[in-house]
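Reading through the structure tokens given below for one structure.
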Amino acid sequence: MKQFLLVVLFMVCSMGTAIAQSISGKVVDEKNQPLVGANVLLLSKADSTYLVGTTTDKDGVFTFANRSDAGFLMFSFIGYRSIYHTLGEAENIGTIKMQIDENLLDEVTVVGSRIINNAQGYSLRPAGSGLENCNTSQELFAFLPGISVSENKISLLDKFPVIYVNGIKITSQDELAALQPKNIENIEVDYLAIGEGATTKGGVIRITTKKIKDGGYYGYIALKAGALTSYGYNTSTPTFVFNGSIGKWTFNYYAVNQHQQLIEDAEYNYLYESGLQTNTVSKTRSWLNNFGNRLNVSYEINSRSTLAVSEYVGNMTIKNKQNNLVETILGNNEETQESDIQIHGPESQFVQQTVAKYVLSTDDKGSNLEITADYYHQNHHLEQLEDKDNVRTYENSTQEKTNMFQFYPKYTHKFSGGKELKIGADYQFIRYNDETVGLKNNADAHTASAYANFSGMTKKVMYSAGLTLQYNQMDVQTAKETTFFDDVYLCPQANLMWMIDPQKRRMFGFMYQCTVSDMPYSVINGYQNYSTPYHYTTGNPNLHTPTTHEVMARLAINRHVSMMFVYGHESDPIYYEHGVDGQNESITWSRPENGKYRRMLGARIEFSYAPTKWWNTKVQAAAMQDRFVSEKETLQGDWGGKFWWNNNFNFTSTFGGSLNGYWETKTSFENYHWQPVGNVNASLWKSFSNDKWRLSLQSNIWSKGRKSRTEGEGYTSHYHNATKPTSFTFSVTWNFSGGKKVRHRVEAESIQQYNKIEEKK
């Protein structure tokens, strides 16, 4: 195995020997620190007009293909004097040191929002696009290629990505609520999760916030209140965010406290082959209090090394209360019974995360070493109490504890000509304890992985290839038995992108990746876990780990239209069988099993356009089909479609809004069948006093609840979400800043245009 990996790695590295000439370099500030997201424009030799542009990465490094008609480089960044560099014959122009412009007080942004494609995905800067004025970060992300937003959750090609903010992996997407779009400096999107382990399928999003000058600070305080029109007061959320810099120290702190009523009106129908039928009208009215806060502190040890520490603490409590009116029909409508069932009980969850990260710059080309240690703790407690016709019929208590430690060093080496080698390792240990009444279960899981990835570029072609070697081990102990599970995986990745016309953003990309599915404790453990008094899930210790091979092709016709095509083949897919308990017909169960294979087909088209200076729009349409084959049957899913329409408006510099819609057609998957579902939401915002104050109104205008059908052994179930979610949320935000002023960049299409802008100041 080792010899094979060395041979493959040598072949990959040798691909860079035939690289055409490119332009590369590094941009640093007045303290010789890398400038992340600095604009680098390639200008024409004849008349200094704009040819192509890029931005510097997290190490301040830039690279793009040279052109015969190129003559100059233009460098610009917020608060710094623009620099012009005459191109010579050298591939690497070295280090460009920017100087602060004390006289630059106003912002003029023309081209800062350009998307820069690469083999793995793309990067962009929101500034100057109008998207930095979006109410929320979710509204901003909805306009990015390949990304869609539903119920405030971000998905990348219909999968949930790993998200980093300033190099720290966030615990959940709820943390993005504290991130204002105007404070985002740069966004990197990788469709393939290189270095995240073989079990990560959703890609990676890396967010970099704007750099704080020494002695400066900024932040905001926001108050939010909302109501559901059919139910009254629903939520209140105060938020506090502070960012500051003193000398070699940089601080970031945020705290969010959400107080929300959880409302669900639902209808359930179970029809059993025996003739028994149950109809349930369920009304849930619960109160949630969710507090989360994170403190990030970084210290600049010297000009080449930085140490950062992040601490997150969150606590959630829910007062559950559910009323169920149950109608039971026995023996072909011969007898009908009605019951009033109440399910209630407290639920709480405590989460703590501690992250330490050390970054060392090893050369002036952007090579660096990163060492990260991550500790995560979660304590979840749930009480389930059932009263049937005012008589206590069911009690259950669950106490779950999860402790995780992760250590992952990685090294990135950058060569001349845009070539790059990434190598790294990852070790993760998880201990899970489940103390349910009458049961006690423990699980220890070890994961160790190593990866290598090599990328490069020619004049019009970007490429990368890599391998991930991963070992998984899980030891599950219950009162009845002990289950040991382990396996080794070798997963390759490959990317190729051809820039057909860089100026018009025409490109064709091809991606391949192999991934393995994560095997959680719940699917291995064989004991019965009741989610409700009438349904339990049992694990299967004999499961095989699914492996997926996925191929994706993406085509950008121009800067407005792009298309994606996906084919996936999954071996040993895990699906859930459903059935009726042999001792109590009113209780159903679910159990995971392995199928033979699953084939997935998908296509997506995106159209982005700005019809006017104040209107940005994006339309997405996706179609997918699933074919599932098991030992028992073959299920050919129907073609299903998803449609998104996002609109962002900047009517003036102080007034804007959004209008977004989503629709999903009828579809099927395995033994699940879903009816169409959709929603429409909108927002308006108004700023005052140079955006020191902002008022906003958000509304869920219309929504069609989910209807579904599940086919099990011995029964068929129907579900309808009858909640009326029409809502209005009002928020007021106070933005503050102080210390040294944040300077703003000047960007232009040519040297002549830049000079004209300067003259008008």
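The values are calculated or read from the model by the stated rules, or taken from the named source; none is laboratory data. From a predicted model like this one, the values you see are computed outputs, not experimental measurements. Here the Cβ positions follow ideal geometry from the backbone for every residue, glycine too, while neighbour counts run over all protein chains shown.
Per-structure values
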read-out: Filter pass, Ser696 being assigned by TED's automatic domain parsing to the domain that holds Ser517, touching a helix residue (DSSP H, G or I) at 6+ places or on another chain (Cβ under 8 Å) and of a type in the set (Gly, Ala, Ser); value: no
read-out: Sole exception among (1) farther than 30 Å from Gln277 by Cα; (2) modelled with pLDDT under 90; (3) assigned to a strand (DSSP E or B); (4) not hydrophobic (A, V, I, L, M, F, W, C) for Glu577, by number; value: (1)
read-out: Lone unmet requirement of (1) surrounded by fewer than 18 Cβ atoms within 10 Å (Cβ to Cβ); (2) in contact (Cβ under 8 Å) with a residue 60 or more places away in the chain; (3) of a type outside the set (Ser, Thr, Tyr) for Gln583; value: (2)
read-out: Counted residues, the stretch 494-522 - those being at pLDDT below 80, under 22 Å from Ile557 (Cβ atoms) and surrounded by 15 or more Cβ atoms within 10 Å (Cβ to Cβ); value: 2
read-out: The stretch 506-563, residues that are among the small types (Gly, Ala, Ser), in contact (Cβ under 8 Å) with a residue 12 or more places away in the chain and farther than 20 Å from Gly602 by Cα; value: Ser522, Gly526, Gly539
read-out: The stretch 174-195 - residue that is in a loop (DSSP other than H, G, I, E, B) and under 15 Å from the mean Cα position of the chain (by Cα) and, of those, nearest to Ala222 (Cα to Cα); value: Leu179
read-out: Yes/no for Ser699 being assigned to a strand (DSSP E or B) and touching an Asp or Glu at 6+ places or on another chain (Cβ under 9 Å); value: no
read-out: All positions within the stretch 471-481 that are at pLDDT 80 or above and surrounded by fewer than 20 Cβ atoms within 10 Å (Cβ to Cβ); value: Tyr471, Gln473, Asp475, Gln477
read-out: So Cys491, is it surrounded by 16 or more Cβ atoms within 10 Å (Cβ to Cβ) and in contact with a His (Cβ under 7 Å, 6 or more places away or on another chain); value: no
read-out: The lone exception for Pro161 - which of (1) surrounded by 19 or more Cβ atoms within 10 Å (Cβ to Cβ); (2) more than 18 Å from the chain's Cα centre (by Cα); (3) not hydroxyl-bearing (Ser, Thr, Tyr) it fails; value: (2)
read-out: Lys632, sole failed condition from (1) within 22 Å of Asn133 (Cα to Cα); (2) at pLDDT below 95; value: (1)
read-out: Criterion violated by Asp363 - all others in (1) surrounded by fewer than 16 Cβ atoms within 10 Å (Cβ to Cβ); (2) part of a strand (DSSP E or B); (3) acidic (Asp, Glu) satisfied; value: (2)
read-out: The stretch 268-299 - residue that is small (Gly, Ala, Ser), part of a strand (DSSP E or B) and touching an Asp or Glu at 6+ places or on another chain (Cβ under 8 Å) and, of those, surrounded by the most Cβ atoms within 10 Å (Cβ to Cβ); value: Gly292
read-out: Subset tally (residues that are surrounded by fewer than 16 Cβ atoms within 10 Å (Cβ to Cβ), part of a strand (DSSP E or B) and among the small types (Gly, Ala, Ser)) for the stretch 216-267; value: 2
read-out: Any pair with Cβ under 9 angstrom, 6 or more apart, that starts in the stretch 286-304 at a residue that is under 14 Å from Phe240 (Cα atoms) and ends at one that is of a type in the set (D, E, K, R) and crowded, with 17+ Cβ neighbours inside 10 Å; value: Gly292/Glu175; Arg294/Glu175
read-out: Subset of the stretch 669-701 (residues that are buried (at least 19 other Cβ atoms within 10 Å of the Cβ) and β-branched (Val, Ile, Thr)); value: Val677
read-out: Residues (loosely packed, with under 14 Cβ neighbours inside 10 Å and over 27 Å from the mean Cα position of the chain (by Cα)) located in the stretch 603-621; value: Pro611, Thr612, Lys613
read-out: Residue tally, condition modelled with pLDDT under 90, surrounded by 16 or more Cβ atoms within 10 Å (Cβ to Cβ) and within 30 Å of the chain's Cα centre (by Cα), over the stretch 383-414; value: 3
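Yes or no, residue by residue, for (1) within 30 Å of Phe64 (Cβ to Cβ); (2) polar (S, T, N, Q); (3) in contact with a strand residue (DSSP E or B) (Cβ under 7 Å, 6 or more places away or on another chain):
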position: Thr393; (1), (2), (3): no, yes, yes
position: Met404; (1), (2), (3): no, no, yes
position: Leu421; (1), (2), (3): yes, no, yes
position: Gln428; (1), (2), (3): no, yes, yes
position: Asp434; (1), (2), (3): no, no, yes
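Listed here are the residues, each with its yes/no results for (1) out of contact with any Leu (no Cβ under 9 Å at 6 or more places or on another chain); (2) more than 30 Å from His377 (Cα to Cα).
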{"residue": "Phe415", "(1), (2)": "no, yes"}
{"residue": "Lys459", "(1), (2)": "yes, yes"}
{"residue": "Asn472", "(1), (2)": "yes, no"}
{"residue": "Thr478", "(1), (2)": "no, no"}
{"residue": "Phe485", "(1), (2)": "no, no"}
{"residue": "Asp501", "(1), (2)": "yes, yes"}
{"residue": "Phe510", "(1), (2)": "no, yes"}
